[in-house]
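First comes the structure, then the notes that go with it.
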Amino acid sequence: MAECLRQDMPPSGGYKPIYYKRIPAKTYFNGPALILGYFGITAGSCYLYYLNYASIQREELERRSAQFALYPLLLAERDREYMKQLRRNRDAEEDLMKNVKGWEVGTYYGKPIYRTVPKDTLIEPSYGEYYVHADYKDFAKRRHLAYWS
Amino acid sequence: MGITKDTVLPTEEELTVQEINLSGPALRAGAFHLGIDCEFENNEFILCRNELNDPRKCIQEGKAVTECALNFFRKVKKSCAGEYSQYVNCLDKSSTNQDFTVCRKTQAVFDKCMLDNYNIERPYYGYFTETKVHKTCRPKPEPEPPTVYEDATPGLPPDAEKLPAKYGSRFHWMW
């Protein structure tokens, strides 16, 4: 059996040397260049950001300006319609409660809601009061608009 | 509702005037020139509204605002109808939020027409956001007087005798 055994031996001339030397990656920039480049690019992009920001601010200012120019016109129209509707509401309440003895419009059997203010003061009603004679859908729509805008 | 029979409300006839029958883009297109043309009326109305905080007291001012705006849009219709409707169409259809920036060309045409015909120059973009001094003949509203309560506890007369404290100061360790 001893003749059959053959030991694995190194190749003739020996093994190649083990390659252990470090090969560093190729460097494109050195440290100072990287830091300066970081600051340079940041400064450049800050400038671009500023330009964009300024233009957005300008657009928003223009939108707001147009709204302010139209505001008196819209408010005047709204006020007129609002006062008409207040009168309609008061008439509707009077008509609705005409069979209730002792009922006075805007009060609870003659007892006013606001005692300390002069009688002629216009207390603007809340949405619920303003829409009390209207369809619920209209009220919900208005409330939705008011609360989410 | 807090609106009683004693609350004076204007009648339907007092409040009915011809309103501006224009859509949003149309109003927006004319906003800057309208603001210049009706600057006095607008400022007067907003001053009244903010000073008195009551829509019932500013009806005449509000009607003046609407009247002035109507006259302005009549003027636009008379001389710059084509340019105006072109600009309105652009504002309406070029963007989702009626952006001014995408309609500078049609805007320039409209501006030129307004300048040539009525000498109304478009103000710079932030003009209506600025604080301005408004010269007016409106009397200044009286400041609200201090509230007087009928049943308030009467105070001591000014010449009441002030005795020294019977048990000394509450802060006896200080003085």
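A compact table of results
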read-out: Tally of residues being touching a Phe, Trp or Tyr at 6+ places or on another chain (Cβ under 7 Å) and facing chain A (nearest Cβ under 7 Å) across segment B:30-44; value: 2
read-out: Filter result (within 16 Å of B:Leu47 (Cβ to Cβ) and surrounded by 10 or more Cβ atoms within 10 Å (Cβ to Cβ)) within segment B:121-174; value: B:Phe128, B:Glu130, B:His134, B:Thr136, B:Arg138, B:Pro141
read-out: Looking only at segment B:7-25, and only at residues there that are in a loop (DSSP other than H, G, I, E, B) and surrounded by fewer than 14 Cβ atoms within 10 Å (Cβ to Cβ), the one that is nearest to the other protein chains (Cβ to nearest Cβ); value: B:Val8
read-out: Within segment B:22-52, tally of residues that are closer than 15 Å to B:Lys140 by Cα and without any contact (Cβ under 8 Å) to a residue 40 or more places away in the chain; value: 4
read-out: Residue tally, condition assigned to a loop (DSSP other than H, G, I, E, B) and under 22 Å from A:Ser55 (Cβ atoms), over segment B:105-153; value: 6
read-out: Among the residues listed as A:Leu86, A:Leu48, the single one being in a helix (DSSP H, G or I), modelled with pLDDT under 95 and not charged (D, E, K, R); value: A:Leu86
read-out: Subset of segment A:107-132 (residues that are within 22 Å of B:Pro55 (Cα to Cα), out of contact with any Ser or Thr (no Cβ under 9 Å at 6 or more places or on another chain) and not hydrophobic (A, V, I, L, M, F, W, C)); value: A:Arg115, A:Pro118, A:Glu124, A:Pro125, A:Ser126, A:Tyr127, A:Gly128, A:Glu129, A:Tyr130, A:Tyr131
read-out: From the options A:Ala69, A:Ala54, residue that is in a helix (DSSP H, G or I), of a type outside the set (D, E, K, R) and more than 10 Å from every other protein chain (Cβ to nearest Cβ); value: A:Ala54
read-out: Any hit, segment A:97-120, residues being within 23 Å of B:Ile59 (Cα to Cα), without any contact (Cβ under 8 Å) to a residue 24 or more places away in the chain, assigned to a loop (DSSP other than H, G, I, E, B) and within 7 Å of chain B (Cβ to nearest Cβ); value: yes
read-out: Hits in segment B:52-97 - residues which are surrounded by 20 or more Cβ atoms within 10 Å (Cβ to Cβ) and not in a helix (DSSP H, G or I); value: B:Cys80
read-out: Single match in A:Arg64, A:Arg78 (criterion: under 30 Å from B:Lys57 (Cβ atoms), more than 8 Å from every other protein chain (Cβ to nearest Cβ) and surrounded by fewer than 17 Cβ atoms within 10 Å (Cβ to Cβ)); value: A:Arg78
read-out: Neighbours by Cβ (under 9 Å, 6+ apart or cross-chain): first from segment B:147-168, within 30 Å of A:Thr116 (Cα to Cα); second at pLDDT 85 or above and loosely packed, with under 10 Cβ neighbours inside 10 Å; value: B:Leu156/B:Lys162
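The values are calculated or read from the model by the stated rules, or taken from the named source; none is laboratory data. Since we're looking at a predicted model, the values are computed, not measured. Please note: Cβ atoms are built from the backbone with ideal geometry, for glycine as well, and neighbour counts cover all protein chains shown.
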